[in-house]
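Peer 1: The structure follows.
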Amino acid sequence: MSVLDEIRAAFAKRGHEGYGEGVSQLEHALQCAVFAERDGAAEPLVVATLLHDIGHMLHDLPEDVADQGIDTQHESLGSAWLSQHFGPAVSEPVRLHVAAKRYLSASEAGYFDLLSDASQLSLKLQGGPMSAAEQEKFGAEPHFNDAVALRRWDDAGKIVGMETPALGHFAPMIARCRRR
């Protein structure tokens, strides 16, 4: 099975599930990737943005796991899986996108208040806003800028009823970014 087949299978299995924002996992992923593509992001970052929540589709935990007070650490699971198929330009922004939410919550006035209820709940489970020391360490990450950009598209990709291209639109890009 190719990595593209595995991605399609993951979305087929759990992409229909709710994201907690009025859109499905698949709708959220496609919206985020469309925004990244629209903004001229490099292909690996578009692929990272498309697949940033793949960890949610790889675990077998229930859809309402955050309501049960459990952090799935989907960013670590997703990044680890992606690193088997893609280079760091794809896997690292995925690994860091939760840290980017924590960073922005601590460093940008008003950011926390713009988060949805579901994002505020998950932020609490993920450690809350970063301390000054955590912000400094995160700011030194090689993929810091990409992680913050991904986070902003992640925050935007929650529009009920938005039309997007199908997953297949991104298949050639996924193939070009795949580690050989």
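The values are calculated or read from the model by the stated rules, or taken from the named source; none is laboratory data. Here the structure is a predicted model, which means the values were calculated and not measured. Glycine gets a Cβ as well: all are built from the backbone with ideal geometry, and neighbour counts include every protein chain shown. Heavy atoms of the whole protein, side chains included, go into the accessibility calculation; ligands, DNA and RNA do not. Shrake-Rupley method; radii C 1.70, N 1.55, O 1.52, S 1.80 Å.
Peer 1: Can you compute 3J(HN,Hα) from phi for each residue in the range 76-89, using the Karplus curve 6.51 cos²θ - 1.76 cosθ + 1.60 with θ = phi - 60°, rounded to whole Hz and x for Gly and Pro?
Peer 2: Computed from phi, the couplings for the range 76-89 are 6, 4, x, 5, 4, 5, 4, 5, 6, 10, 9, x, x, 5 Hz.
Peer 1: Using alpha carbons only, how many angstrom separate the centre of the range 124-163 from the centre of the range 41-60?
Peer 2: If you average the Cα positions of each part, the centres end up 14 Å apart.
Peer 1: What FRET efficiency comes out for the pair E17/L115, r = Cβ-Cβ distance, R0 = 25 Å, nearest 0.05?
Peer 2: The computed FRET efficiency comes out at 0.75.
Peer 1: Among V160, P172, M130, whose Cα lies farthest out toward the positive end of the dipole of the chain, if unit charges sit on the beta carbon of Lys, Arg (+1) and Asp, Glu (-1)?
Peer 2: It is P172.
Peer 1: Over the chain, what is the relative contact order in whole percent, taking alpha-carbon pairs under 8 Å and six or more residues apart?
Peer 2: 30
Peer 1: State the answer as a single residue: which of A118, A41, L26 lies farthest towards the positive end of the charge dipole of the chain, with beta carbon charges of +1 for Lys and Arg and -1 for Asp and Glu, about the Cα centre.
Peer 2: Going by the Cα projections, it comes out as A41.
Peer 1: Assign unit charges at the C-beta atoms only (+1 for Lys and Arg, -1 for Asp and Glu), then state the dipole size of the chain relative to its Cα centre in Debye, rounded to the nearest 20.
Peer 2: Once rounded to the nearest 20, the dipole reads 580 debye.
Peer 1: With contacts defined as alpha carbon pairs under 8 Å and 6 or more residues apart, what's the relative contact order of the range 6-50 in percent?
Peer 2: Contact order relative to length: 26 percent.
Peer 1: How much solvent-accessible surface does I159 expose, in Å² to the nearest 10, with a 1.4 Å probe and all protein chains in place?
Peer 2: 80
Peer 1: Mind putting a number on the dipole of the range 117-180 about its Cα centre? Charges go on the C-beta only, +1 for Lys and Arg and -1 for Asp and Glu, and I need it in Debye to the nearest 20.
Peer 2: Computed charge dipole of the range 117-180: roughly 400 debye.
Peer 1: Which of the trypsin sites (Lys or Arg not before Pro) found in the range 96-157 are in a DSSP loop and have at most 12 neighbouring Cβ atoms, other than their own, within 10 Å?
Peer 2: none
Peer 1: Okay, moving on. Spelling out what I want: for every residue of the range 134-146, take phi, set θ = phi - 60°, compute 6.51 cos²θ - 1.76 cosθ + 1.60 (Karplus), and round to whole Hz; glycine and proline get x.
Peer 2: 5, 4, 5, 5, 5, x, 8, 5, x, 9, 3, 4, 5
Peer 1: Once ligands and nucleic acids are excluded and a 1.4 Å probe is used, how much of D39 is accessible, expressed in Å² to the nearest 10?
Peer 2: Surface accessible to solvent at D39 totals approximately 80 Å².
Peer 1: Please report the Cα spread of the range 1-51 along all three principal axes, rounded to whole Å, starting with the longest.
Peer 2: Largest to smallest, the principal-axis extents are 32, 30, 10 Å.
Peer 1: I'd like the carbon and sulfur percentage of the solvent accessible area for the chain, probe radius 1.4 Å, heavy atoms only, ligands and nucleic acids excluded.
Peer 2: With neighbouring chains kept in place, the figure for the chain is 53 percent.
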